[in-house]
1. For region 419-477, enumerate the residues that are of a type in the set (Phe, Trp, Tyr) and in contact with a Lys or Arg (Cβ under 9 Å, 6 or more places away or on another chain).
2. Scan region 471-527 for residues that are outside any helix (DSSP H, G or I), more than 30 Å from Lys136 (Cα to Cα) and of a type in the set (D, E, K, R) and jot them down.
3. Arg471 is checked against (1) of a type outside the set (Val, Ile, Thr); (2) touching a residue at least 12 places away in the same chain (Cβ under 8 Å); (3) more than 19 Å from Leu203 (Cβ to Cβ) and fails just one. What number does that condition carry?
4. Quick check on this structure: which one of Lys279, Lys260 is more than 25 Å from Thr150 (Cα to Cα) and assigned by TED's automatic domain parsing to the domain that holds Glu226?
5. Would you confirm whether or not region 24-45 contains a residue that is surrounded by 10 or more Cβ atoms within 10 Å (Cβ to Cβ), in a helix (DSSP H, G or I) and aliphatic (A, V, I, L, M)?
6. Regarding Ala251, is this residue in contact with a Gly (Cβ under 9 Å, 6 or more places away or on another chain) and in the same structural domain as Thr204 (by TED's automatic domain parsing)?
7. Find all pairs meeting these conditions: Cβ atoms under 6 angstrom apart; at least six residues apart or on different chains; first residue within region 287-299 and closer than 20 Å to Leu364 by Cβ; second residue buried (at least 24 other Cβ atoms within 10 Å of the Cβ) and charged (D, E, K, R).
8. Residue check, Arg140 against (1) over 30 Å from Leu355 (Cβ atoms); (2) out of contact with any Leu (no Cβ under 9 Å at 6 or more places or on another chain), all met but one. Which one?
Amino acid sequence: MAVTRKRSKRFEVLAARPVNQDGFVAEWPEEGLIALHSPNDPRPSLKVAGGRVVELDGKPREEFDMIDQFIADYAIDLSVAEKAMTMDSQEIARMWVDPCVPREKVVEIFRGLTPAKILEVVDHLNVVEMMMAMYKMRTRKTPGNQCHVTNVRDNPVLLAADAAEAALRGFIEEETTVGVTRYAPFNALALLVGSQTGRGGVLTQAALEEATELLLGMRGFTAYAETVSVYGTERVFVDGDDTPWSKAFLASAYASRGIKMRFTSGTGSEVQMGYAEGKSMLYLEIRCIMVTRGAGVQGLQNGSISCIGVPGAVPSGIRAVLAENLITVTLDLEVASGNDQTFSHSDIRRTARMLMQMLPGTDLIFSGYSAVPNYDNMFAGSNFDIEDMDDYVILQRDLMVDGGVRPVSESEVIAVRNKAARALQAVFAELGLPAITDEEVEAATYAHGSEDMPERRVTDDLKAAQDLLKRGVTGLDIVKALGKRGFEDVARNVLGMLKLRISGDYLQTSAWVDGEFNVWSAINDPNDYRGPGTGYRLSPERWQVLKNIPQAKRPEEIGE
């Protein structure tokens with residue numbers, strides 16, 4: 001007779017909790033399923049002869065793979081390497097969190113460290129200490145935020161309205177992608193018009209195949225890129241038909257056309273692609289960060305990104321994600337610190353993962369806060385989305401922390417969404433594109449997502465989107481269309497974005513553009529934290545904005 005095992009009712013309740021829908025695995029070093037401390041990670045070493053590195057982390061030059069060679073030749077400052085490599089790792093780690101040690105001193109030391117030495121140093125910090133170090137080490141003093149603006153139908157009217165609302169809410173960068181590749185010109189156009197309706201100076205990008213992405217940037221439809229990926233093992237690079245040198249060349253192509261760009265990497269990508277070589281996730285990610293520095297790129301999007309489920313499944317994995325963000329800024333790069341793909345069914349885990357970047361602040365706390373509902377996010381869903389916005393805004397208020405957004409009123413949002421939809425309607429009419437109806441404008445004004453929008457004729461849109469490129473339409477044509485149809489302020493903002501291509505100021509590390517088209521970066525807004533009372537502090541004006549949420553009752557309203 002079968003024996004029925006009687007279960008604890010408490011454990012039955014716990015088993016039904018959202019967190020137990022997540023996937024967890026024990027460490028498996030042979031397959032790279034280990035955040036740190038793989039037995040296959042090399043020990044730190046560096047030997048220099050004749051002005052070049054002849055041994056890197058225990059490997060002689062004749063055994064270097066292409067990543068070792070690139071790091072050895074371009075990413076290690078030999079003028080400081082000998083002294084830095086002989087320093088005690090715990091001593092360096094303490095310098096990270098000591099407010100009396102200037103940021104510049106720590107950056108100088110890290111310029112001379114090898115990947116294995118950096119791994120050894122960062123392992124001395126717990127997550128609280130990493131957050132303390134991040135507060136000091138981020139490149140720009142003022143934190144910021146980036147969002148995703150997409151929808152499953154690639155509906156341009158809704159994209160424009162959502163982009164305008166996101167700009168109003170305070171996002172300094174906005175990113176879109178497509179469900180259907182041929183929609184790309186319309187998506188980029190809608191994001192540009194919408195964002196510049198919400199606030200002049202918002203940087204936008206369309207995450208696409210690299211040649212198309214570069215073309216749209218050169219046409220003036222986008223302002224930055226960050227989907228140029230680098231990897232920590234040679235086999236993964238080769239499978240992508242790339243090398244560190246080809247990525248560096250592509251980066252220079254963007255920069256020479258006045259387009260800001262970052263590389264993208266993240267812990268777990270090599271595991272996910274099957275070639276981790278038995279190394280720990282963080283060791284391989286440090287190699288990616290050093291390739292980025294060696295290529296001369298101004299920043300990096302990391303924080304595991306689309307691979308977040310991998311480190312999220314192993315012990316200390318989320319700690320490793322914070323560590324990769326910290327190492328990035330310590331190598332003097334801008335960091336867009338992830339939080340952009342959901343990894344857990346647990347709201348508690350999602351929030352805990354995000355707070356480690358929000359509390360100390362990073363250059364871009366999210367590299368993709370979903371400014372749309374989860375079902376419309378074409379980046380596989382974000383860690384936080386528009387339905388979490390009130391929670392996020394109130395967290396800023398609770399903790400007196402600047403998360404890079406601001407409270408808004410319903411009337412403000414309705415007005416800016418309507419204006420953006422009408423502006424795009426005008427551009428479509430002036431450029432001879434498929435008509436945007438008043439019904440669509442009305443729907444986009446009040447919509448939550450694409451389910452609230454009327455259908456468009458997809459075949460007509462796809463044909464017209466491709467024709468837009470064939471006709472050679474550029475950002476200047478968009479400026480003319482907006483000006484001719486009565487949207488002079490939006491036209492000025494789009495023109496302002498095009499002018500930035502000439503100055504090149506926003507190619508500086510950690511650059512963003514305010515509503516007056518002033519460029520702020522690590523050059524003119526450097527992080528100068530040296531302990532309490534220094535570094536970034538909420539100004540009285542900014543705190544006034546953040547604390548005055550619409551939900552809060554005013555004294556005169558109480559008792560009514």
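The values are calculated or read from the model by the stated rules, or taken from the named source; none is laboratory data. Treat the numbers as computed from the prediction; the structure is a model and nothing was measured. When we count neighbours, we look across all protein chains shown, and the Cβ atoms used for this are built from the backbone with ideal geometry, even at glycine.
1. Tyr446
2. Arg471, Arg485
3. (2)
4. Values: Lys260 fails: more than 25 Å from Thr150 (Cα to Cα).
Checking each option against the conditions leaves just Lys279.
5. no
6. yes
7. Gln298/Glu334; Gly299/Arg262; Gly299/Glu334
8. That leaves (1) as the condition not met.
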